[in-house]
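Encoded as structure tokens, the structure appears first; notes follow it.
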Amino acid sequence: MKSKFLSIVASLCCLFGASVFAADEKPTEYLIAAGDILDVSVWKEPELTREVPVRPDGGITFPLIGNVKAAGKTADQLRDEIASSLSKFMPDPAVSVTVKMFKGNVIYVIGKVNKPGEYPVGRYVDVMQAISLAGGLTVYADEDDIKVLRRTKDGTVTFNFDYNEVVNGENLEQNIILQPGDTVMVPE
């Protein structure tokens, strides 16, 4: 039953352009997000070595090649794309891309928690960890009707979360890994 549920959720998320990780799954590599600061360098080309912010639209601008989509890619994927584009202008460019500041990995926890707000996180966190970051639930929280909102290119996807079930070790697949920009809503 659990694997069928995860399969359905994963299919829906792919359909909506999002991805979701089960509670026991961790992404293998960090995906660049809007707001991150990247260090991009090209070996023996000091004029092509620079700090580059990832714009809110997920793109960066780099000399010679112009606009490149960075958000949603790993640093290695972006490196390969920049190197491929630069190869039109120079033979075998040696490019490196590192994430200097993880400013784009921000989640929000709102509603009946002790410290609602924006939380920049330097790692992936699940719903329970996000609630913990926000100081836990207040006595007025509706523990079985928590929602996670995720914006995708096709609209907003909502995930239900029942705090009591997860605390009791039931339906742990609902304790999803949050993605940058996700909002955990704890109603009264």
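The values are calculated or read from the model by the stated rules, or taken from the named source; none is laboratory data. What you see is a predicted model, and the numbers here were worked out from it, not measured in a lab. Please note: Cβ atoms are built from the backbone with ideal geometry, for glycine as well, and neighbour counts cover all protein chains shown. Only protein heavy atoms, including side chains, enter the accessible area calculation; ligands, DNA and RNA are left aside. Shrake-Rupley method; radii C 1.70, N 1.55, O 1.52, S 1.80 Å.
Quick grid of which residues meet (1) in contact with a helix residue (DSSP H, G or I) (Cβ under 7 Å, 6 or more places away or on another chain); (2) under 30 Å from Thr49 (Cβ atoms):
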site: Asp92; (1), (2): no, yes
site: Thr98; (1), (2): yes, yes
site: Gly104; (1), (2): no, yes
site: Val121; (1), (2): no, yes
site: Gly155; (1), (2): no, no
message: Please go through (1) open to solvent by 40 Å² or more (accessible area, probe 1.4 Å); (2) small (Gly, Ala, Ser); (3) under 14 Å from the mean Cα position of the chain (by Cα) for Gly58 and return the number of the only condition it doesn't satisfy.
response: (1)
- request: Using the structure shown, decide if Ser19 is among the hydroxyl-bearing types (Ser, Thr, Tyr), at pLDDT below 95 and closer than 19 Å to Arg150 by Cβ.
  value: yes
- request: Those residues that are part of a strand (DSSP E or B) and touching a residue at least 60 places away in the same chain (Cβ under 8 Å), I need them from region 96-117; list them, please.
  value: Thr98, Val99, Lys100, Met101, Val106, Ile107, Tyr108, Val109, Ile110, Gly111, Val113
- request: Filter region 156-186 for residues that are assigned to a strand (DSSP E or B) and either open to solvent by 30 Å² or more (accessible area, probe 1.4 Å) or closer than 18 Å to Val121 by Cα (or both) and give the result.
  value: Thr156, Thr158, Asn160, Ile177, Thr183, Val184, Met185
